[in-house]
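Below you'll find the structure, written out as structure tokens, and then a few comments.
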Amino acid sequence: MRVTVLGLGYVGLVTSACLAELDHDVIGVETNESKLRSLSDGTVPFHEPGLADMVAANVQAGRLRFSGDPAASAASAQIVIVAVGTHDGNGGWQTKTINDCLVSVVPHLRRDAVLVIRSTLPPEFLPQLAAIVGRIRDEGGQQHIPVLVNPEFTREGQAIMDFMKPDRVVIGVADDPTGRGVKLVRRLYQQTPGPILAMNGLDAVLAKLGSNLFLATRISFANELAGLCDLYGADVEQVVTAMAYDQRIGGSFFRAGIGFGGSCLPHQVTMTVRGAAAAGRPTPLLAAVDEINHGQRVRFVERIETLLGGSLKDARIALLGVTFKPDTDDLRDAPSLEIAARLLERGASVVAYDPMSGALARASQLVPGLTTASSALEALDGADAAGLVTEWSEFLTMDWAAAGRRMRRPILVDGRNALPPRAMLEAGLAYSSFGRGTLVPDEVDARSTPAERIARRSLGLFEQPVASPGFAHAQALPD
Ligand code: UDX
């Protein structure tokens, strides 16, 4: 099928490459000249495992081409997919880009074309969508075309798998009286194994939003549960493992820590709360999800401060990871940025390391005063404490005993509950995570100042190994 994808940001490029991989004839359109140039030179402008190879292979096979001309590229397509941004870069929605895109492209579409919006839309925009497209067609004296939405459920770092093996494909109808559009889009996805659900457009938009809001809610729930575990001295991993065996609950998106970041979850929670409040419908559960999530970033900084005896002044803090999660170079709403700024504000010096050197450089521009290191060990050298912010595999597999010896004080706060507490204790580190207690080796305890001991006590934590010897610790969670 001939497909044109408008907008080669994260969603558009993944969609273009994967559709080409499924044997469709795809033109990807990007109006930003430097982005287009780098794509045409074979460079994918962001990090996504497997994507650069997939793009290269499909360009070489002639199934994927790039263009800077939306109207000309869309004119020949059977399906035109819009994947332009709807985020205003400031935590809000914006629909100007999509409006402009429709105005420039819709008059040029074939009479048998189908228009598909893949960008995430604010729910209030959906009722206008068919009217905007219809009006543009009317103005040109042209026949109406089917208008559909097809939200993506793509996780960064796993985007190709999510596209090729989706849990489901959702097609929402904004305007398709004969069903011709839905039929064609079903064919587009016929090689992917997941069920294809067709529904009305607003239901599809809310299905996308609802999925992200629920995932965010699970994470904030896990974080609140972790707070209870810290209060009573329980181990959140054991608690969650036991809960997850209940098939009504399951185990995914239950990892406690510094909470969710990224371009979707934080923005969609905040905007839903704001949008619904403005329309007179409070959403107290989602407001709490947002509050808990931001609170985790603050608690992380306070935890480091407490373990240092109540003051961060002149302390050197190593931050491991700046991206909002591993396997991406994305810094959008990354907790690291707020955490670094708060640490600096309280008088610490902060040195960060991330395997994505581009993201690290951008982080240091975004947070004035943040310095960077070229390796984890360099960041840890002489540090008074380390904060694990992103669970990159290199942090999980490094020799923590050796790393601890390079620190001035071997204190590690794990913001992702990603390391095994007992092993960290045995490596000689004072180790604190969320809902799994704080463990302080005897040698470190002996070297602690009275202020540090008093501050630690204020955490109300059990300073002993969380899992009893011989007791299997935190099994893998069922999905
Ligand atoms: C999300 C949705 O998962 C995806 O379906 C949607 O299309 C886009 O938004 P993404 O933003 O790539 O994907 O990241 P995701 O894997 O959902 O993680 C979001 C954040 O939650 C990350 O910061 C991650 O570290 C955090 N997280 C995730 C937790 O804190 N705990 C968990 O248990 C899972």
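The values are calculated or read from the model by the stated rules, or taken from the named source; none is laboratory data. Because the structure is a prediction, the values reported are computed rather than measured. Glycine gets a Cβ as well: all are built from the backbone with ideal geometry, and neighbour counts include every protein chain shown. Just the protein is used for accessible areas: all its heavy atoms, side chains included, with ligands, DNA and RNA removed. Shrake-Rupley method; radii C 1.70, N 1.55, O 1.52, S 1.80 Å.
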When every protein chain stays in place and a 1.4 Å probe is rolled, Trp392, Trp93 sorted by accessible area with the largest first are Trp93, Trp392
Rounded to the nearest 10 degrees, the helix 201-232 long axis (Cα) sits at an angle to the longest Cα principal axis of the chain of 0
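Considering only protein heavy atoms and a 1.4 Å probe, what is the carbon-and-sulfur percentage of the accessible area of segment 268-321?
On segment 268-321, the fraction of accessible area on carbon and sulfur atoms equals 56 percent.
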Filtered hits (lysines, Cα-Cα < 24 Å from Lys325, offset >= 8 within chain) -> Lys35, Lys165, Lys208
Rounded to whole angstrom, the alpha-carbon centroid of segment 406-458 lies from that of segment 340-403 at a distance of 18
Excluding residues fewer than 8 positions from Lys96 in its own chain, the aspartates and glutamates with Cα under 12 Å of it are Asp88
Dipole check, the chain, charges on Cβ (K,R +1; D,E -1), about Cα centroid: among Phe395, Ile98, Gly233 the Cα furthest to the positive pole belongs to Ile98
Farthest towards the positive end of the dipole of the chain, among Val182, Pro193, Gly42 and with Cβ unit charges of +1 on Lys and Arg and -1 on Asp and Glu, lies the Cα of Val182
Relative contact order in percent for the chain (Cα pairs under 8 Å, 6+ apart) equals 12
For the chain, the charge dipole (Cβ of Lys, Arg +1; Cβ of Asp, Glu -1; about the Cα centre) points to a positive end, and the Cα of Gly347, Gln78, Thr272 closest to that extreme belongs to Gln78
Heavy-atom accessible area per residue of segment 2-194, all protein chains kept, 1.4 Å probe, expressed in Å², is 42
Of all DSSP beta bridges with both partners in the chain, the antiparallel percent, nearest 5, is 10
Result for segment 210-368: accessible area per residue, probe 1.4 angstrom, in square angstrom, of 41
Magnitude of the Cβ-charge dipole (Lys and Arg +1, Asp and Glu -1) of segment 209-290 about the Cα centre, nearest 20 debye, reported as 380
Scoring only Lys, Arg, Asp and Glu (+1, +1, -1, -1) among other residues with Cβ under 13 Å from the Cβ of Thr283 yields 0
Longest principal axis of the chain (C-alpha) makes with the long axis of helix 51-60 (C-alpha) an angle, in degrees to the nearest 10, of 30
For segment 88-103, in residue order, the Karplus 3J(HN,Hα) values (coefficients 6.51, -1.76, 1.60; θ = phi - 60°; whole Hz; Gly and Pro = x) are 8, x, 10, x, x, 8, 9, 10, 5, 4, 5, 4, 4, 4, 5, 4
Counting Lys and Arg as +1 and Asp and Glu as -1 over every other residue whose Cβ sits under 13 Å from the Cβ of His87, the net charge comes to -1
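Could you work out the local net charge near Pro266, counting Lys and Arg as +1, Asp and Glu as -1, over the other residues with Cβ closer than 13 Å to its Cβ?
Net charge around Pro266: -1.
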Only helices counted: for the chain, with every DSSP H run of 4 or more residues adding -39500 (n - 2.57) and the sum spread over all residues, [θ] at 222 nm is -13500 deg cm²/dmol
Given unit charges at Cβ for Lys, Arg (+) and Asp, Glu (-), the dipole magnitude of segment 204-355 about its Cα centre in debye, nearest 20, is 340
Taking the alpha-carbon centre of each part, the distance from segment 67-99 to segment 238-304 in Å is 30
To the nearest 20 debye, the chain has a Cα-centred charge dipole, built from +1 on Lys and Arg Cβ and -1 on Asp and Glu Cβ, of 620
